[in-house]
Structures are given as C-alpha cells and as structure tokens.
1. Hey, does the range 81-93 have a residue that's under 19 Å from residue 138 (Cβ atoms), of a type in the set (A, V, I, L, M, F, W, C) and either without any contact (Cβ under 8 Å) to a residue 24 or more places away in the chain or in contact with a Ser or Thr (Cβ under 6 Å, 6 or more places away or on another chain) (or both)?
2. Need the failing condition index for residue 114 against (1) more than 17 Å from the chain's Cα centre (by Cα); (2) open to solvent by 40 Å² or more (accessible area, probe 1.4 Å); (3) in contact (Cβ under 8 Å) with a residue 60 or more places away in the chain, just the number.
3. Can you find, within the range 12-40, the residue that is farthest from residue 69 (Cα to Cα) among those that are out of contact with any Leu (no Cβ under 6 Å at 6 or more places or on another chain) and aliphatic (A, V, I, L, M)?
4. Do we find a residue being of a type in the set (Asp, Glu) and either open to solvent by 60 Å² or more (accessible area, probe 1.4 Å) or free of Cβ contacts under 8 Å to residues at least 60 places away in the same chain (or both) anywhere in the range 53-60?
5. Have a look at 139, 148 and point out the one that is open to solvent by 20 Å² or more (accessible area, probe 1.4 Å) and part of a helix (DSSP H, G or I).
6. Assigned to a loop (DSSP other than H, G, I, E, B) and out of contact with any helix residue (DSSP H, G or I) (no Cβ under 7 Å at 6 or more places or on another chain) - does that describe any residue in the range 68-81?
7. With touching a helix residue (DSSP H, G or I) at 6+ places or on another chain (Cβ under 9 Å) and modelled with pLDDT under 95 as the only criterion, which of 87, 50, 131, 120 stands out?
Amino acid sequence: MTVLEWTTLTLREELLSGELRHGEPLKQDEISSRLGVSRMPVREAIRTLAAEGLVIERPNRKAIVAPLFADDALELFQIRAELECLAVRLSLRGLSSKQREHISRAHEKLVVSPERDYPARHLEFHNALYAGAGPRLKALIEQHIKSAERYLRVERSRLQVTEEDREEHEALLNAAMAGDTELAVEILHPHIAEGGRAIAELFSRKDTDR
C-alpha cells in the first residue's frame with residue numbers, strides 16, 4: 001500500500017466513523033503532522049475524498065467535511081437506486097455459473113451474519129448482484145455507496161434490519177438465480193430508495209428539533 005493509499009484510507013475511515021465531524025475544516029498541515037506524512041498525499045487524499053462526496057473543496061483551497069443534510073441523503077439514495085438498478089439489469093443478463101454461485105454464497109453469509117458484520121455482508125451481497133456490470137458503472141456505485149455510508153453509520157442504531165429487508169434479499173436472490181431482471185429491478189429500486197427516505201426523515205426530525 002502506498003503512502004497516498006494509506007492516507008486516503010485513514011482519512012476516509014475518520015470521515016465515515018464521525019471522528020472528523022461534518023462541517024469541520026480539514027487543515028492539511030495538522031493532518032500531515034498527525035498522520036506523519038507530507039502534505040502532498042494529504043492534498044491528493046482530500047481531492048479523492050471530495051470526488052466521493054465526503055469532503056467539500058472551496059475556491060480558497062480550504063476543505064471541510066461535507067455536511068449531512070436530509071435532502072442530500074434523499075438525493076444520494078435516489079441516485080444509488082438508479083445506478084444499481086442499471087447495474088443489475090446489465091449483470092443478470094449474462095451471469096456465469098461462478099457468478100451465480102458467488103451471489104448465493106454472499107446471501108448465505110448475509111442471512112447468518114451477526115449484527116456487527118451485517119453492513120459488510122450486505123454490501124458484499126449487493127456487489128455480487130452487480131458482478132456482470134462494467135467497471136465504470138461499478139466504480140460509480142462504489143463512490144455513492146461510500147458517500148451513503150456516512151448517513152448509515154450515523155443512524156444505524158435507529159435503522160434496524162427488518163423482516164421486510166430479509167424477504168427482499170431472498171426475493172433478489174431468487175430473481176438473480178432465475179435471471180429475471182425486471183423482477184430484480186422491481187424489488188431493488190424501492191429497497192434502496194426507501195432506505196434513503198427513512199434516513200432523510202430522521203435527519204429532518206433532527207433539524208426540526210434544533
């Protein structure tokens with residue numbers, strides 16, 4: 001792992017965990033000193049994280065941690081829903097037997113996953129569904145999933161996995177195994193978009209309570 005990769009990974013985790021709070025300024029000198037690296041990888045890492053929507057770069061070259069807003073959460077999950085539905089359309093048209101097996105194994109791990117591992121297993125299952133999509137689309141999806149993770153981590157304690165979630169995952173598995181793209185899209189779009197609406201509602205309540 002290069003210094004730049006390590007710096008980007010470290011800052012991303014600090015952003016996602018809330019250690020670096022939304023709206024907080026990102027001072028390159030301070031970060032460089034704290035992480036024990038030069039300013040160049042810090043500058044490039046901030047640029048990468050800005051492209052992921054985790055950081056906002058301003059014209060005066062001062063960067064801040066991207067704020068968390070209800071409208072942003074809603075838009076982010078709507079974009080995810082469209083991108084991921086396109087991915088599943090492209091992927092399920094020509095899944096190999098190996099890719100089908102990967103989807104099935106990912107679902108099995110999701111079903112038995114303890115709560116602490118659930119987010120990673122959930123992501124693994126969804127990524128398995130998109131295995132047959134192109135690299136450009138998968139990169140876009142990964143970028144938006146990373147941006148959405150901040151909202152999910154902040155509200156995860158209040159967003160419990162429901163029986164409906166489990167049924168939708170089972171239905172997605174069955175649609176994938178049958179190669180039924182239209183059914184998969186019909187399940188997947190609200191599965192993602194409704195999650196965004198639930199998070200946006202929680203953030204709207206917070207704003208109202210202030």
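1. yes
2. With (1) more than 17 Å from the chain's Cα centre (by Cα); (2) open to solvent by 40 Å² or more (accessible area, probe 1.4 Å); (3) in contact (Cβ under 8 Å) with a residue 60 or more places away in the chain applied to residue 114, the lone miss is (3).
3. 37
4. Yes, there is a match, as at least one residue in the range 53-60 is of a type in the set (Asp, Glu) and either open to solvent by 60 Å² or more (accessible area, probe 1.4 Å) or free of Cβ contacts under 8 Å to residues at least 60 places away in the same chain (or both).
5. 139
6. No, the range 68-81 contains no residue that is assigned to a loop (DSSP other than H, G, I, E, B) and out of contact with any helix residue (DSSP H, G or I) (no Cβ under 7 Å at 6 or more places or on another chain).
7. Within the list 87, 50, 131, 120, the selection yields 131.
Quick grid of which residues meet (1) part of a loop (DSSP other than H, G, I, E, B); (2) not aliphatic (A, V, I, L, M):
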position	(1), (2)
85	no, yes
95	yes, no
98	no, yes
101	no, yes
105	no, yes
110	no, no
121	no, yes
126	no, yes
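The values are calculated or read from the model by the stated rules, or taken from the named source; none is laboratory data. Fair warning: this is a prediction, and the values are worked out from it, not measured in the lab. A quick note on method: Cβ atoms are made from the backbone with ideal geometry, for glycine too, and the neighbour counts reach across all protein chains shown. These accessible areas exclude ligands, DNA and RNA; they are computed on the full protein's heavy atoms, side chains included. Shrake-Rupley method; radii C 1.70, N 1.55, O 1.52, S 1.80 Å.
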